[in-house]
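Here is the structure we will look at.
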Amino acid sequence: MQGPLCDKQWDVIHFFNHEHPSHLILHGSVRSGKTHVNNLLWISHVYDMPKPRKDLILTGYTIGSIERNVVKPLADIIGRNITLDQFGRFDMGYHKVNCFGTNTETAYKPMQGMTAYGWYGNEVSTHHANSITEAWQRCSGDGHVVLWDSNPDHPYHPVKINNIDHSGLRNETGRLLIHAVHFQLEDNETLSAEYIATIKRTTPQGMWYDRRIKGLWVAAEGAIYESFHRDKHMCKPFKIPDDWQRIRGIDFGTIHPFVMLWGAIDPDGRLYIYREYYRTNTLIKDHAEKIKALSGKEKYLWTISDHDAQERLEYEYLDISTKRANKTVKLGLDLVAQRMVDQIDGRPRVMIFDTCTELPRQIGVYRWLPYEEGKPYKEEPLKVDDDGPDVLRYMITEIDFSSAPQIKPGFRGYRPRPRR
């Protein structure tokens with residue numbers, strides 16, 4: 001359970017108790033204390049409601065994230081175990097809290113038909129718009145309160161445009177309808193200076209840093225991997241020890257380049273890209289012959305690839321077995337960016353042999369798709385010179401967000417991310 005409240009948290013609680021806004025939004029950097037405040041306000045709201053039993057809504061990206069971010073901390077605060085029933089519900093006081101994941105287009109449907117006397121939206125910027133609309137429509141009970149917390153996203157996000165930007169809005173009677181409060185990392189006074197310094201040092205520069213540390217709603221602009229520097233991320237070739245795990249990644253292409261990267265993982269989990277192969281207008285059998293010649297007798301944990309089923313079958317026939325990549329773009333970009341940041345030993349967790357020329361060149365020009373006025377905002381890479389960075393993203397996602405076999409036990413310091 002979190003310790004004493006910080007000044008920022010007390011300010012929010014005092015303001016809420018004095019002004020009674022119908023919609024409170026706490027937004028800003030990670031680990032800044034937003035959710036703990038909402039947990040306390042939610043407990044107060046639910047336990048202050050009189051009988052008879054009333055329904056309330058608790059939403060998150062998934063039921064798992066709700067249990068982790070809200071239900072477990074609530075249980076710690078009130079001092080009792082909370083277990084969701086088969087319908088995702090639990091009791092608080094006299095009342096029933098109904099939990100809903102919101103990560104799909106149709107996730108809103110189980111909410112239909114209920115009357116809610118309160119809604120707690122956790123990580124609301126991750127909610128599908130249909131679930132937000134439905135939850136608003138359900139909140140028709142007298143005295144209902146809406147509490148949201150959110151980490152920042154892009155500045156054109158509906159949560160910001162439709163809600164946060166209207167902070168201070170009052171109705172004709174003077175009732176405060178929306179109050180938004182911005183949190184920064186340093187607002188959480190329970191965090192040590194050492195921890196804050198570590199978080200800042202290990203957060204990738206650019207959009208990731210502005211959102212996670214400063215708590216700003218900023219667009220993804222310019223270079224994707226601002227932390228990439230040739231003098232830091234490239235090294236002279238060396239003989240790779242026999243006991244290091246080796247991996248490969250492929251992005252299929254005919255007119256666009258066919259790209260293959262070879263990687264090796266050291267005992268600390270650091271990835272070295274030690275070979276690259278770029279070719280256009282080449283037959284599959286010729287690619288296969290070249291790949292086999294370059295690979296020699298090397299053994300690989302896996303070869304991750306793009307999803308084209310026919311090409312995968314043809315390479316399988318030519319004795320190059322592949323597995324489908326996790327192509328979740330934002331996840332993969334984040335994981336690669338995290339590996340480019342200096343770790344506690346002062347070195348990044350991805351390195352490239354300087355005999356590879358195309359991959360570092362492409363990383364250097366790898367940029368976010370620019371925003372065009374009047375068009376929907378898309379946070380994704382510009383599809384130019386992106387073949388090598390795509391393969392690197394497939395490989396690192398497979399290592400750090402793994403459906404792959406685990407790197408063999410005994411590799412000191414290596415901690416793959418748990419499957420989600």
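With respect to the conditions (1) assigned to a loop (DSSP other than H, G, I, E, B); (2) crowded, with 21+ Cβ neighbours inside 10 Å; (3) not hydrophobic (A, V, I, L, M, F, W, C), residue 388 falls short on a single one, namely (1).
When region 187-209 is limited to residues that are acidic (Asp, Glu) and touching a residue at least 40 places away in the same chain (Cβ under 8 Å), the one that is farthest from residue 221 (Cα to Cα) turns out to be 189.
Residues in region 124-144: is at least one hydrophobic (A, V, I, L, M, F, W, C) and touching a Cys at 6+ places or on another chain (Cβ under 9 Å)? The answer is no, given that none of the residues of region 124-144 is hydrophobic (A, V, I, L, M, F, W, C) and touching a Cys at 6+ places or on another chain (Cβ under 9 Å). In summary, residue 14 fulfils each of the numbered conditions (1) without any contact (Cβ under 8 Å) to a residue 24 or more places away in the chain; (2) farther than 27 Å from residue 96 by Cα with the single exception of condition (2).
Out of everything in region 130-169 that is among the hydrophobic types (A, V, I, L, M, F, W, C) and part of a loop (DSSP other than H, G, I, E, B), what residue ends up being surrounded by the fewest Cβ atoms within 10 Å (Cβ to Cβ)?
169
For region 245-272, taking the residues that are small (Gly, Ala, Ser) and part of a strand (DSSP E or B), the one that is nearest to residue 304 (Cα to Cα) is identified as 249.
Residue 338 passes every criterion in (1) outside any helix (DSSP H, G or I); (2) within 29 Å of the chain's Cα centre (by Cα); (3) polar (S, T, N, Q) apart from (1).
Suppose the filter is surrounded by 21 or more Cβ atoms within 10 Å (Cβ to Cβ), assigned to a loop (DSSP other than H, G, I, E, B) and out of contact with any Pro (no Cβ under 6 Å at 6 or more places or on another chain); does residue 204 pass it?
yes
What about residue 191, is it more than 19 Å from residue 153 (Cα to Cα) and either buried (at least 18 other Cβ atoms within 10 Å of the Cβ) or over 19 Å from the mean Cα position of the chain (by Cα) (or both)? The answer is yes for residue 191.
Among the residues of region 70-95, those identified as within 14 Å of residue 35 (Cα to Cα) and either in contact with a His (Cβ under 9 Å, 6 or more places away or on another chain) or modelled with pLDDT under 95 (or both) are 73, 77.
Looking only at region 34-82, residues that are basic (Lys, Arg) and within 26 Å of the chain's Cα centre (by Cα) come to 3 in all.
Scanning region 255-279 for residues that are of a type in the set (A, V, I, L, M) and at pLDDT below 95 returns a single hit, 255. Listed conditions (1) under 21 Å from the mean Cα position of the chain (by Cα); (2) at negative phi; (3) buried (at least 19 other Cβ atoms within 10 Å of the Cβ); (4) in contact (Cβ under 8 Å) with a residue 40 or more places away in the chain are all met by residue 107, apart from (4). Of the residues making up region 102-120, those that are part of a loop (DSSP other than H, G, I, E, B) and within 16 Å of residue 60 (Cβ to Cβ) number 5. Going through region 312-326 one residue at a time, which ones are of a type outside the set (A, V, I, L, M), out of contact with any helix residue (DSSP H, G or I) (no Cβ under 7 Å at 6 or more places or on another chain) and not in a strand (DSSP E or B)? Selection gives 312, 316, 317, 319, 321.
The values are calculated or read from the model by the stated rules, or taken from the named source; none is laboratory data. Because the structure is a prediction, the values reported are computed rather than measured. Because the Cβ atoms are built from the backbone with ideal geometry, glycine has one as well, and the counts that use them run over all protein chains shown.
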